[in-house]
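Notes to accompany the following structure.
The values are calculated or read from the model by the stated rules, or taken from the named source; none is laboratory data. Because the structure is a prediction, the values reported are computed rather than measured. For neighbour counting, all protein chains shown are included, and Cβ atoms are generated from backbone atoms with ideal geometry for every residue, glycine included. Heavy atoms of the whole protein, side chains included, go into the accessibility calculation; ligands, DNA and RNA do not. Shrake-Rupley method; radii C 1.70, N 1.55, O 1.52, S 1.80 Å.
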Amino acid sequence: QTVIAKKKAQIYLEIGVDQGKVFEIIHGPFKIGVDPIAAAPKVLSVLDKNSIYIQKTSDDFFEQNAKKLLGDKKIDVAFIDGLHEYQQVQRDIENTLDYLANDGVILVHDCNPWSNASAIRALSFDEARMIAKRDNYTDWDGGWTGDVWKSIVNLRSKRDDLEVIVLDCDCGIGIIRRSTKPGEMLDIANIESLEYEDLKRNREKFLNLKRPEYIYDIVK
């Protein structure tokens, strides 16, 4: 909401609306919510002429709806919190970048797992919990980010046209925006093969980790 207000955002995209906890409290811009599940009560309660909920996967939304819905308009702020799987998050980011305003901002949830168990690669929370139990992850505490963090490493290895950082708060909030002054690039070829232990040893370097207050440098 701070980014939206400071940037006077006109269009907000949320991928992974779920029960509407975030979507419900966002105010100001035209809101687009995308999720394959039916709209939750909180979502239905805020739908009006300034918002729309599209019950589709994000891949289908970008293929079938985005161009027609947006026309010549661009996304000012996006929040990605859908499937917690590296390749899917990577597609969500890249697809959003295709429609992002020049000064737009993408926020990505779950970029900084705190344990091996929280970073389990799975397609759902239930699957992650099952894997943790099956493989006896002693550090499973019921929290799960998946391997979303690899998308940050990917962008910081391949996209010198972007500023990519992670705020050290709320499971890691990735911030992505266009930049003509890229920071230090990573040199990692095989991102898919990275493990949580690699992240643990190189957390600040991999994620370009910043204090939460850095958000105010972005939106000033």
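Of the accessible area of segment 102-220, with the probe set at 1.4 angstrom, what percent is carbon plus sulfur?
On the way: 2860 of 6300 Å².
The value for segment 102-220 is 45 percent carbon and sulfur by accessible area.
Net charge near Asp103, counting Lys/Arg +1 and Asp/Glu -1 over other residues with Cβ under 12 Å of its Cβ?
That sum, taken over residues with Cβ under 12 Å, equals +4.
For the chain, the mean residue ellipticity at 222 nm estimated from helices alone is -8500 deg cm²/dmol, where every DSSP H run of n ≥ 4 contributes -39500 (n - 2.57) and the total is divided by all residues, rounded to the nearest 500. Spacing of the modelled spin labels on Ile37 and Arg178, each 7 Å from Cα toward Cβ, amounts to 3.5 nm. Close amide H partners of Ile75, meaning residues 5 or more places away or on another chain with modelled amide H under 5 Å apart, are Leu100, Ala101. Distant-in-sequence amide contacts of Ile165, defined by a placed amide H-H separation under 5 Å and a gap of 5 or more residues or a different chain, comprise Ile175. Taking all protein chains into account, the per residue accessible area for segment 29-182 stands at 47 Å² (1.4 Å probe).
Straight-distance candidates among the aspartates and glutamates for linking to Lys210, with alpha-carbon spacing under 18 Å and chain neighbours fewer than 8 residues away dropped: Asp110, Glu163, Asp168, Asp170, Glu184.
Taken over the C-alpha atoms, segment 134-187 has Rg and Dmax values of 14.5, 47 angstrom. Put Glu127, Glu195 in order of accessible area, highest first, and with a 1.4 Å probe you get Glu195, Glu127.
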